[in-house]
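So the structure is just underneath, and the comments pick up after that.
The values are calculated or read from the model by the stated rules, or taken from the named source; none is laboratory data. For clarity, every value in this text was computed on a predicted model and none was experimentally measured. Note that we place each Cβ from the backbone using ideal geometry, even for glycine, and neighbour counts take in every protein chain shown. Note: areas computed on protein heavy atoms with side chains; ligands, DNA, RNA excluded. Shrake-Rupley method; radii C 1.70, N 1.55, O 1.52, S 1.80 Å.
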Amino acid sequence: MKRKTLISTSILAIFIFATSFSYAQSCDALTSAQLKEKLIQLGNEVKDLISTAGSEKYEVKYTSPTLDVPVAYELSASKNFIWLTVFLGTPRGDTSVMNAELLKQNFSIQPCQFYITSKGNLMMGLAIENRGLTNAIIKRHSDKIVADVSSTASFWQK
């Protein structure tokens with residue numbers, strides 16, 4: 001009797017262990033619509049910046065202790081990354097000491113980075129790989145860029 005119980009218990013344990021793998025996290029890439037839904041699920045008010053199919057871009061406004069930080073979210077052209085970006089204004093002249101200081105700050109805030117767009121806008125950006133993203137991972141990256149924008153304000157504010 002004990003042997004039958006032991007065998008039954010063992011088979012049940014193996015079955016439970018094997019079926020638990022069917023609930024593994026999905027590593028599929030998010031679509032723009034799924035990204036927006038996850039931002040909403042996190043309790044954010046999401047604004048559509050660009051609503052053209054295939055080029056969607058969203059904005060969520062966060063508040064740090066010192067700044068309001070509007071973070072834009074968009075899929076890269078390849079759909080392999082999600083870019084989180086923050087507009088910081090226009091940079092000073094090409095030979096400005098501020099630009100060198102921002103480059104030095106890139107070391108402290110990585111993987112976030114300061115950059116200047118082809119239109120001449122000063123930005124901070126963070127690219128995250130678009131696979132296996134949960135709400136918690138998106139929140140962690142959002143919190144990171146907001147904290148980095150706030151902590152470096154003395155370097156980029158005029």
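Let's test the formula: R0 of 35 Å, r as the Cβ-Cβ distance of SER55 and THR134. What FRET efficiency results, to the nearest 0.05? Before the final figure, lay out the partial values.
Details: r = 25 Å, r/R0 = 0.71.
Computed FRET efficiency for SER55 and THR134: 0.90.
Separation between the ILE40 and ASN121 pseudo-spin-labels, each 7 Å from Cα along Cα→Cβ, expressed in nm?
2.5
Hey, if you drop one equal point scatterer on each alpha-carbon of the stretch 69-158 and run the Debye formula without solvent, what base-10 log of I(q)/I(0) do you get at q = 0.19, 0.26 Å⁻¹?
Computed log10 I(q)/I(0) values: -0.86, -1.41.
Within the stretch 47-133, what is the number of lysine pairs with alpha carbons under 26 Å apart, leaving out pairs fewer than eight places apart on the same chain?
Count of close lysine pairs: 10.
Count the net charge of all other residues whose Cβ sits under 14 Å from the Cβ of GLU74, scoring Lys and Arg as +1 and Asp and Glu as -1. Intermediate values should be presented prior to the final figure.
Working: positive: LYS36, LYS38, LYS47, LYS57, LYS79; negative: ASP48, GLU56, GLU59.
So the environment of GLU74 carries a net charge of +2.
Order ASP148, ASP94, ASP48, most accessible first, counting only protein heavy atoms with a 1.4 angstrom probe.
Largest accessible area first, the residues go ASP94, ASP48, ASP148.
In debye to the nearest 20, how big a dipole does the stretch 74-158 give about its Cα centre with +1 on each Lys and Arg Cβ and -1 on each Asp and Glu Cβ?
Details: 9 positive and 6 negative charges, 21 e Å.
Around 100 debye, computed over the stretch 74-158.
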